[in-house]
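Here the structure comes first, spelled out in C-alpha cells, and everything after it is commentary.
The values are calculated or read from the model by the stated rules, or taken from the named source; none is laboratory data. Everything quoted here is computed from the prediction, not taken from an experiment. Here the Cβ positions follow ideal geometry from the backbone for every residue, glycine too, while neighbour counts run over all protein chains shown.
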Amino acid sequence: MALPCIEPRTSKKKYKMVKSLSQLKVKIFADGANIDSIKSMSKLSYIKGFTTNPTLMKKSNIKDYKDFALEALKIVQNKPISFEVFADEIDEMENQAREINSWGKNIFIKIPVTNTKGESTANLISKLSNSGIFCNVTAIFTKEQIFKIIEKINIDSKMILSVFAGRIADSGIDPVPVMQDIIYTLRDYKNIELLWASPRELLNIFQADQVGCHIITVADDLLKKLNNIGKDLNEFSLETVSMFYNDAQAAGYKINSNLTNKKNFN
Ligand code: G3P
C-alpha cells in the first residue's frame, strides 16, 4: 500500500512574537525569601506582589520568622505579600494566621490546603476570611480541593488560590488545561485570584496569561530570564555557540589527535 503523500513541514511561517511584559494581564509576583532580592524587586514596577514560604525561608537561612517578616514588610508596604503558617494543628494554624496578620495591612496569610494528615483546612479558611483576613490557599493540586474551599466561603471573600502548576507538570501532566478548567470553575468568584505557583520556565508566564490566571509567582532564577523576552532566536543561537566556545577555552580543553594527516578513515 502506498504511503500517503505528506507535505514537507518546511513552513515559512514566522514564530509568533510573544507579548511584551507591559502587554501581559497576569500579575507577576516575586517568590523568595532573600531580603536583598526583595529590596531590589520592590523597586520594579512590573513586580506586583511577593510570596514566601517556609522552604524558601529555610533556603535563605532565615532563623527568626518574625524578624524576617517585619523586615520584608518594611520594604514592601504598598504591594501584597504572603507569609505562610507552619503549624500542623488547625487551631494552632489559626493562632499563627491571626498573629501574622496583625503585622501589616498588605498581608495575605498562606494556609496549606490540608495539614500533613490530609485534613482539609476549608473550615479554617472560611473562618479567617469571614473575619476579614486575606488568605492565600497554598499547595493546591486539584479542582476537587478547590471545590472544598469555595463551597465553604462567602462568594465575596477576597483570596488567592495557589495552584502548583509546576509540580503538576513535574508529574507529567500538562498544567495548562488544568488551570483553564479552574479558571472556568472560579468564573463567578470575582474576588478570588488564581495564582500559578512553581513555574518551571519563562514560557509559563505567557501560558498563565493566556489561560486567564490572575497571578504568577516567579522565583529569582526565572526572573533573571525576563530579559530574554522577544529576543531574536538567531542572536540567541549565536550566544549559545559562543558560550560553548568560551567555556571550552576557559577550561583549557585540548584534544591531542593521533589522526593528523590520516585523512582516509577507511
Ligand atoms: O510558590 C511556590 C513555590 O515556591 C514552590 O516552588 O519549585 O518548590 O515547586 P517549587
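A few remarks follow.
- So residue 142, is it exposed (fewer than 15 other Cβ atoms within 10 Å of the Cβ), among the β-branched types (Val, Ile, Thr), under 26 Å from residue 209 (Cβ atoms) and modelled with pLDDT of 95 or more: yes
- Pick from the range 38-84, criterion among the charged types (D, E, K, R) and within 14 Å of the ligand (Cβ to nearest atom), ranking: nearest to residue 224 (Cα to Cα): 59
- Across the range 155-172, a minimum of one residue is classified as more than 10 Å from the ligand (Cβ to nearest atom), modelled with pLDDT under 95, within 24 Å of residue 126 (Cβ to Cβ) and surrounded by fewer than 14 Cβ atoms within 10 Å (Cβ to Cβ).
- Against the conditions (1) loosely packed, with under 13 Cβ neighbours inside 10 Å; (2) in contact with a strand residue (DSSP E or B) (Cβ under 7 Å, 6 or more places away or on another chain), residue 82 satisfies every one except (1).
- Residue check for residue 208: away from the ligand (no atom under 12 Å from the Cβ) and surrounded by 16 or more Cβ atoms within 10 Å (Cβ to Cβ): yes
- Residue within the range 52-70 that is under 21 Å from the mean Cα position of the chain (by Cα), touching a residue at least 40 places away in the same chain (Cβ under 8 Å) and closer than 24 Å to residue 22 by Cα present: no
- Figure legend. Inter-residue proximity from the range 104-130: first residues without any contact (Cβ under 8 Å) to a residue 60 or more places away in the chain, second residues acidic (Asp, Glu), beta-carbon distance below 6 Å, spacing 6+ or different chains. Indicated pairs: 110/84; 115/88; 116/88; 124/94.
- If you go through the range 19-37 and keep only what is away from the ligand (no atom under 16 Å from the Cβ) and out of contact with any Asp or Glu (no Cβ under 9 Å at 6 or more places or on another chain), you end up with 20, 21, 22, 36.
Conditions (1) under 30 Å from residue 87 (Cα atoms); (2) among the polar types (S, T, N, Q), marked per residue:
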site: 148; (1), (2): yes, no
site: 199; (1), (2): yes, no
site: 217; (1), (2): yes, yes
site: 246; (1), (2): no, yes
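- Exclusive hit being in contact (Cβ under 8 Å) with a residue 12 or more places away in the chain, out of contact with any strand residue (DSSP E or B) (no Cβ under 9 Å at 6 or more places or on another chain), among the charged types (D, E, K, R) and surrounded by 11 or more Cβ atoms within 10 Å (Cβ to Cβ), set 193, 201: 201
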